[in-house]
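Worksheet for the structure shown next.
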Amino acid sequence: MSRIRGSNTSIEKLVRKELFRKGFRFRINTKNLPGKPDIVLKKYNAVIFINGCFWHGHIKCKAGRIPKSRVNYWREKIDKNIERDEKNLRKLRRMGWRVMTVWECQINNNLGNITNRIEKFTLKHHVN
Ligand SMILES: [Zn+2]
């Protein structure tokens, strides 16, 4: 099981460290933005969410699967989180932000690959 939004766990730190190394400067857990994005790249109009697979319902991966016991309890809880996440993404987009979500499992699988993708996403459409 992973984490709840707002805590500052190691996967987030890993990504931040890599982005910093690439020269990006950003703010973290900006409280005045919907959903408190994990990384805010204001200059690029981009925000990044780093989602724990279990709590945010990454159904495509093992870690996101609902436990076999108390299925309804977990289903309801995770569904609520998914719904809240989607609502926050819509709000952010309406505010003009570009939003990217990355998953815990992707970071664990290949940190280099995911930071490259974040870099590409951040720089895309950006006009100096
Ligand atoms: Zn996952």
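Looking at K62 and the list (1) within 14 Å of the ligand (Cβ to nearest atom); (2) surrounded by 11 or more Cβ atoms within 10 Å (Cβ to Cβ); (3) basic (K, R), which single condition is not satisfied?
(2)
I'd like to check something: does the stretch 81-92 contain any residue that is more than 16 Å from the chain's Cα centre (by Cα) and surrounded by 15 or more Cβ atoms within 10 Å (Cβ to Cβ)?
No, there is no match, as no residue in the stretch 81-92 is more than 16 Å from the chain's Cα centre (by Cα) and surrounded by 15 or more Cβ atoms within 10 Å (Cβ to Cβ).
Would you mind finding the one in N116, N128 that is more than 16 Å from the ligand (Cβ to nearest atom), modelled with pLDDT of 95 or more and out of contact with any strand residue (DSSP E or B) (no Cβ under 8 Å at 6 or more places or on another chain)?
When all the criteria are applied, what remains is N116.
Restricting the first residue to the stretch 25-39 and requiring it to be in a strand (DSSP E or B), which pairs with a second residue that is at pLDDT 80 or above meet a Cβ separation below 6 Å and a spacing of at least six or different chains?
Going by the 6 Å Cβ cut-off, the qualifying pairs are R27/V40; I39/F26; I39/I48.
Identify, by number, the condition in (1) more than 11 Å from the ligand (Cβ to nearest atom); (2) surrounded by 16 or more Cβ atoms within 10 Å (Cβ to Cβ); (3) over 22 Å from L33 (Cα atoms) that N72 doesn't meet.
(2)
Quick test for you: out of W97, W103, pick the one residue that is within 14 Å of the ligand (Cβ to nearest atom), in contact (Cβ under 8 Å) with a residue 12 or more places away in the chain and touching a strand residue (DSSP E or B) at 6+ places or on another chain (Cβ under 9 Å).
W103
Consider K80 carefully, then state whether it is under 18 Å from K120 (Cβ atoms) and away from the ligand (no atom under 15 Å from the Cβ).
no
The values are calculated or read from the model by the stated rules, or taken from the named source; none is laboratory data. Keep in mind the model is a prediction, meaning the values are calculated, not measured. Cβ sites come from the backbone with ideal geometry, for glycine too, and all protein chains shown count toward neighbours.
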